[in-house]
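The values are calculated or read from the model by the stated rules, or taken from the named source; none is laboratory data. Quick caveat: nothing in here was measured; it's all calculated off a predicted structure. Please note: Cβ atoms are built from the backbone with ideal geometry, for glycine as well, and neighbour counts cover all protein chains shown.
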Amino acid sequence: MICVPQKIKMLEIEGLKPNPYQIRRNFNAKSLRSLASSIKEVGVLSPIVVRSTSQGYEIVFGERRVRAAHMAGLKTIPAIIVRAGDRECALLSLAENLHRENLSLFEEAEGHFNLISYHKVKKEPLSKKLALENSRINEKIRLLSLAAPIRYKIEENNIDESTARELLKLHNEEKQAEIIEKIVQGGLNKKQTALLVKNTLREMAFQKGNEKRHKKEGADLPLYINTVRETLQLLKNNGAKAELTQTETDKSIEFSIKIHK
């Protein structure tokens, strides 16, 4: 449970601890400067939310306002003090960030994953609190299965979530990297990416089928060679003067049996 007192308290900015469950890694510098400029003019209009810990006050949400207030030269900031456990703190932080812009796909996915995996929040109550269907939460978390270099490319090039999800159909990091390059270079949308992935999967399946066929043929080759040699030996056992010549290339082995009159 979270208990929110009605009283707002002014707290020293320097003494505030960051939220360890903050999922946002990047704060837009231009946006922060704009907010700092506004704070210089009218002050901090909306108080931040903090909780009391043994090390002092810890930000639950409002870190962007704290940073902007510090840039504006403020020494104190209005705050509401709540009692919140780690689970509530992580949930509040995620919910607050989802209401703001520019939260990356993977920051959001990590927030959902952390709540479910580390704080043991069940998907059903989580989906209700965040107004998201279970399937949408699962889709977001699945994005974390993409390798770090792939995720970096997606974030760096602002590739949208629906396009990024197409890559999950390719269980091959090398192929995912190839597709990402084509998306970036060609400015492909979701529909074009889906078609590209579909064609790539078809090519991979065809190649896999060829490899299996060649592997099977290669495995049978010693049997074929022995059969030819046994035939030669059978001819000799029956009194024939027979010779065997063998010619081998990269693609085939040619046998020739000569029987003398």
message = Of all residues being part of a strand (DSSP E or B) and β-branched (Val, Ile, Thr) in region 234-261, which is farthest from residue 224 (Cα to Cα)? Just the residue, please.
response = 259
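Is it the case, given these coordinates, that residue 67 is touching a Cys at 6+ places or on another chain (Cβ under 7 Å) and either assigned to a helix (DSSP H, G or I) or closer than 29 Å to residue 109 by Cβ (or both)?
Details: touching a Cys at 6+ places or on another chain (Cβ under 7 Å): no; either assigned to a helix (DSSP H, G or I) or closer than 29 Å to residue 109 by Cβ (or both): yes.
Against the criterion (touching a Cys at 6+ places or on another chain (Cβ under 7 Å) and either assigned to a helix (DSSP H, G or I) or closer than 29 Å to residue 109 by Cβ (or both)), residue 67 does not qualify.
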Residue 188 vs. criteria closer than 23 Å to residue 104 by Cα and not in a helix (DSSP H, G or I) = yes
ask   = When the residues of region 4-34 are filtered to those that are at pLDDT 80 or above, more than 32 Å from the chain's Cα centre (by Cα) and of a type in the set (D, E, K, R), which remaining residue is surrounded by the most Cβ atoms within 10 Å (Cβ to Cβ)?
value = 9
Output for region 158-171, where each listed residue is surrounded by 13 or more Cβ atoms within 10 Å (Cβ to Cβ) and of a type in the set (S, T, N, Q) = 162, 163
inquiry  = Under 6 Å between Cβ atoms, which residue pairs at least 6 apart in sequence (or on different chains) link something in region 190-207 that is over 15 Å from residue 163 (Cα atoms) with a partner that is not in a helix (DSSP H, G or I)?
reply    = none
note = Contact list, first residue from region 53-67 and under 23 Å from residue 34 (Cα atoms), second anywhere and at pLDDT below 85 and among the aromatic types (Phe, Trp, Tyr), beta-carbon distance below 8 Å, six or more apart or interchain, is 63/27; 64/27; 67/27
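Yes or no, residue by residue, for (1) modelled with pLDDT under 80; (2) of a type in the set (Val, Ile, Thr):
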site	(1), (2)
188	no, no
199	no, no
210	yes, no
225	yes, yes
232	yes, no
237	yes, no
245	no, yes
253	yes, yes
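In region 24-45, what residues are of a type in the set (D, E, K, R) and without any contact (Cβ under 8 Å) to a residue 24 or more places away in the chain?
Listed by number, the residues that qualify are 30, 41.
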